[in-house]
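Asks: Quick one: the structure is below, and I'll ask about it shortly.
Readers should treat all values here as calculations from the given coordinates under stated rules, not as data from a laboratory. None of these values were measured; they are calculated from a predicted model. Don't worry about glycine lacking a Cβ; one is built from the backbone with ideal geometry, like all the others, and counts go over all protein chains shown.
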Amino acid sequence: MYSSYTRAAGEANLGPRPDAGQPRSGSRPVGRGETPKEGEIVTSDELVRCLREQGWRTAVVPGARLADLRREIESRRAELDPAYLAIVDRNLEFEVAGSTPAVRSLIVVAVPHACARATFTVDGEARAVPIPTTYCHHAEVHAEVAAAVAAALAPAGLWAAPLPLPEKLAAVCTGLARYGRNTIAYVDGCGSFCELVTCVSDLTPGIDPWTGPRLLARCDTCEACRRACPTGAIESDSLVLRGERCLTLHNESDRPFPEWVDPAWHHCLWGCLRCQRCCPEDLALRDEVAEAASFDARETRLLLGGVDHALLAGEPTLRDKLGELGLLAYDDDFLGIALSRNLKAALAAR
Ligand code: SF4
Ligand code: SF4
């Protein structure tokens, strides 16, 4: 199963996730009568600065904002396709599981993350196929950020734990990002090419930067993404994406493409970049691409024919390359059906 909280719901691909994890407890809470030691992070501003040193942007809002996020999602239910809602309900957590120390803050972190490009070999020719930002190393980035936030707070006896949330909505509501007309979240400094990670903590929040969802000012006078979308998913008179029309929904699924989908529209291994690559907000960053795995002719043939985990057990090199693309977390249906179908479509469309 390939999990995705789709564009229709205003969210990025969730992909495989690390466990939500449990908050750490039993540590020394600072700020309740104790003086923090030098270097200990005890305020949200200090955490924001610390993570900024890694090139990440961060917003910290009160934990009570979790309820606002849930209300936002609930208020959109009527607009959303039931298939999307099923995915949303399956993926989104608004509470930390298990026995939970008090959640005092919600932390949203934006990590710049370029698109990737895998290369396949067909008829002796190397063929590059793009992979959008949120697919490669998605789980690793989320785990790294969650670990970094927890490590930054731990010396002061504070805990932090990852909590899967509607990340784009969380980012735009906290003021960390703005929605584009294409319902992608844009963050200052990295545009739409970033991973968004959400954690909760007992860190005391500072001034609440909550803004609610906001649209990029540029979208008032721009329709480039609507014109670039081949499926009509972006409408001129609505800011709600027609998710059932978005290619991402269909090429992440192992079900056959609907008849109305022209396979020539596919240009990525999965997902779709057409409404990002045309966006003037992303001009400076859209050509940044991370080279991912390269597959020789035999490996390409195997992938086109459909692979599964049993086959990959006897193909360690191919297995490692798929691991580089973050694909080993997926089941045989995804590997054998969706990957093969998407690759055929992307190669045929070029
Ligand atoms: S392409 Fe134009 S309308 Fe679409 S998100 Fe970018 S700025 Fe907004
Ligand atoms: S351009 Fe692609 S990703 Fe964007 S809305 Fe259209 S189908 Fe979806």
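Asks: Is there a quick way to get the dipole size of region 220-348? I mean about its Cα centre, with the Cβ of Lys and Arg at +1 and of Asp and Glu at -1; what is the value in debye to the nearest 20?
Replies: Charge dipole, region 220-348, about its Cα centre: 340 debye, nearest 20.
Asks: Shifting gears a bit: In nm, to one decimal, how far is the modelled label at Ala297 from the one at Glu235, with both set 7 Å along Cα→Cβ?
Replies: Taking the simple label geometry, Ala297 and Glu235 are separated by 5.0 nm.
Asks: With the dipole of region 220-348 worked out from charges on the C-beta (+1 for Lys and Arg, -1 for Asp and Glu) around the Cα centre, which of Ala284, Pro258, Leu327 lies farthest toward the positive end?
Replies: Going by the charge dipole, the pick is Pro258.
Asks: For a Förster distance of 25 Å, can you work out the FRET efficiency between the beta-carbons of Ala290 and Asp332, rounded to the nearest 0.05?
Replies: Efficiency at R0 = 25 Å is approximately 0.40.
Asks: Could you pull out every residue, at least 5 positions away or on a different chain, whose amide H is within less than 5 Å of the one on Leu203? Hs are placed 1.01 Å off N in the peptide plane, and Pro or chain starts have none.
Replies: Those lying under 5 Å, H to H, from Leu203 are Arg104, Ser105, Trp159.
Asks: Output the Cα-based Rg and Dmax of region 214-288 in Å, rounding Rg to one decimal and Dmax to a whole number.
Replies: 13.2, 38
Asks: Please list, by residue number, everything in region 113-129 whose backbone N is under 18 Å from a paramagnetic label point 7 Å out along Cα→Cβ of Glu140.
Replies: Inside the label zone: 113-119.
Asks: Can you give me the C-alpha center-to-center distance between region 171-228 and region 315-346, rounded to a whole angstrom?
Replies: 31 Å
Asks: So, by mean Cβ neighbours within 10 angstrom, what's the order for 115-126, 57-68 with the highest one leading?
Replies: Result, highest mean Cβ count within 10 Å first: 57-68, 115-126.
Asks: Which of the lysines could be linked to Lys344 by a straight reach, that is with a Cα gap under 22 Å, when you skip same-chain ones fewer than 8 residues away?
Replies: Within reach: Lys321.
Asks: Would you mind putting 297-309, 166-178 in packing order, based on average other-beta-carbon counts within 10 Å, highest first?
Replies: The peptides rank, most packed first, as 166-178, 297-309.
Asks: Are there chymotrypsin sites (Phe, Trp or Tyr not before Pro) in region 237-335 that DSSP puts in a loop and that have at most 16 other Cβ atoms within 10 Å, and which ones?
Replies: Taking region 237-335 and a limit of 16 other Cβ atoms within 10 Å, the loop chymotrypsin sites (Phe, Trp or Tyr not before Pro) found are Trp260.
Asks: Okay, next question. With unit charges on the beta carbon (Lys/Arg positive, Asp/Glu negative), name the residue among Gly191, Ala116, Cys136 whose Cα is farthest towards the positive pole of the charge dipole of region 107-252.
Replies: Gly191
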